[in-house]
Amino acid sequence: MDMKIEEYLAQGGKLTSPGNVPPRYRGELLRLMASFVDSELAGAAGFADTINDAPGIKNRIAAAKITQEKLDHAGRVLGVMGEFGGDMAAYDRSHDWAARMDRDADLSAARHGDDMRLSVFHYPLQGYVDAVVLNVLMGLATVVQLDEMKRVSYAPLADTFREIAPREARHVELGLNGLRQIIESDDGRAQVQDAIAYWMPKVDATFGQSASQRFDTQARFGLRHTTNDKLRELWAQRVNDLLLPMGLA
């Protein structure tokens, strides 16, 4: 049965409900969703702490909007996960989403702790400039990754990611607005450049290893289509395209 499913999915087939999902597919699908949910919850928790650091009401509103929408995005995907059984309310309460590790820790791309957040969300933020830079760099990575996830073979999840994607793209725009304001200040450009140097390799690591057995498995199920290296290349190009005109690349 699994082989027939794989052949169907390899030809672009879609699955539409938990009832017709085989066990191996289910495991990979839930892992993919958990990584997104945990990263959104952890990202929102970290960003929430910087809302009051933002200069001016408009910037605080933008920071609050990003935080609220990331929580909403996590909730939407949790809704899809809930269709497979389990207590999603308990899931949300099961981890300390604001927990962070040492800022100088070398976490590479590996998972740490007992949740599935991307490694970048284990690092603490240091103030508003740091948060804006991470929002732009990781926001661009999220946009690239969502372009990939909008094609997943589980149709309800693909639909959810298509709804989420435009708002995540807007988060990048809000971050770029903040970045332009920061570099106009006396020492803002230097602070931004320091933050970029810190966060670039950590966001880069979120794309995973070049040779990934998990990618091969997920590709067979139609859950992935583009290699980690290609996604990383697309992200790096978008970062360069946006930061170069600002003199930051």
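The values are calculated or read from the model by the stated rules, or taken from the named source; none is laboratory data. For clarity, every value in this text was computed on a predicted model and none was experimentally measured. Positions of Cβ are backbone-derived with ideal geometry, glycine not excepted, and every protein chain shown enters the neighbour counts. Quick note on the areas: whole protein, heavy atoms, side chains included, nothing else; ligands and nucleic acids left out. Shrake-Rupley method; radii C 1.70, N 1.55, O 1.52, S 1.80 Å.
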Look at segment 87-118 and say how many of its residues are free of Cβ contacts under 8 Å to residues at least 24 places away in the same chain and among the basic types (K, R).
3
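Please go through segment 93-132 and pick out each residue that is polar (S, T, N, Q) and open to solvent by less than 40 Å² (accessible area, probe 1.4 Å).
Applying the first criterion (polar (S, T, N, Q)) to segment 93-132 yields 94, 108, 119, 126.
Scanning segment 93-132 gives a single hit, S119.
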Selection count, segment 202-226, where residues are free of Cβ contacts under 8 Å to residues at least 60 places away in the same chain and either in contact with a Gly (Cβ under 6 Å, 6 or more places away or on another chain) or closer than 21 Å to L176 by Cβ (or both)
1
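This table checks each residue for (1) touching a helix residue (DSSP H, G or I) at 6+ places or on another chain (Cβ under 6 Å); (2) among the polar types (S, T, N, Q); (3) at pLDDT below 95; (4) surrounded by fewer than 19 Cβ atoms within 10 Å (Cβ to Cβ).
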site	(1), (2), (3), (4)
M3	no, no, yes, yes
Q11	no, yes, yes, yes
N20	no, yes, yes, yes
S39	yes, yes, no, no
F47	yes, no, yes, no
Subset of segment 2-37 [within 22 Å of Q145 (Cα to Cα), assigned to a helix (DSSP H, G or I) and of a type in the set (S, T, Y)]
Y25, S35
Take the residues in segment 170-199 that are exposed (fewer than 15 other Cβ atoms within 10 Å of the Cβ) and among the hydrophobic types (A, V, I, L, M, F, W, C), then tell me which one is farthest from R60 (Cα to Cα).
A197
Quick check on H171: is it touching a residue at least 60 places away in the same chain (Cβ under 8 Å), farther than 22 Å from F121 by Cα and either of a type outside the set (S, T, Y) or assigned to a helix (DSSP H, G or I) (or both)?
no
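Can you pull out every residue in segment 227-249 that is open to solvent by 30 Å² or more (accessible area, probe 1.4 Å) and in contact (Cβ under 8 Å) with a residue 40 or more places away in the chain? Reasoning before the result, please.
Quick first cut of segment 227-249, residues open to solvent by 30 Å² or more (accessible area, probe 1.4 Å) only: 227, 229-230, 232-234, 236-238, 240-242, 244-245, 247, 249.
Of everything in segment 227-249, those that are open to solvent by 30 Å² or more (accessible area, probe 1.4 Å) and in contact (Cβ under 8 Å) with a residue 40 or more places away in the chain turn out to be L234, R238, L242, G247.
Just the residues that are part of a loop (DSSP other than H, G, I, E, B) and at pLDDT below 95, please, taken from segment 227-249. So that I can check it myself, show each step before the final result.
Initially, segment 227-249 is screened for residues part of a loop (DSSP other than H, G, I, E, B), giving 227, 247-249.
Correct list: G247, L248, A249.
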Where residues in segment 205-226 are touching a helix residue (DSSP H, G or I) at 6+ places or on another chain (Cβ under 6 Å) and open to solvent by 70 Å² or more (accessible area, probe 1.4 Å), which of them is nearest to A190 (Cα to Cα)?
S210
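Being in contact with a Pro (Cβ under 6 Å, 6 or more places away or on another chain), in contact (Cβ under 8 Å) with a residue 60 or more places away in the chain and not small (G, A, S) is true for just one of F84, F121, F47, F36. Which residue is that?
F84
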Is it the case that segment 96-118 has a residue that's closer than 20 Å to G175 by Cβ and not basic (K, R)?
yes
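Which of the residues belonging to segment 202-226 are small (G, A, S) and not in a helix (DSSP H, G or I)? Even if it seems obvious, please write down each step before you answer.
Of all residues in segment 202-226, those small (G, A, S) come to 205, 208, 210-212, 219, 222.
Passing the criteria: G208, S210, A211, S212, G222.
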Scan segment 223-249 residue by residue and report those that are closer than 28 Å to Y154 by Cα and polar (S, T, N, Q).
T226, T227, N228
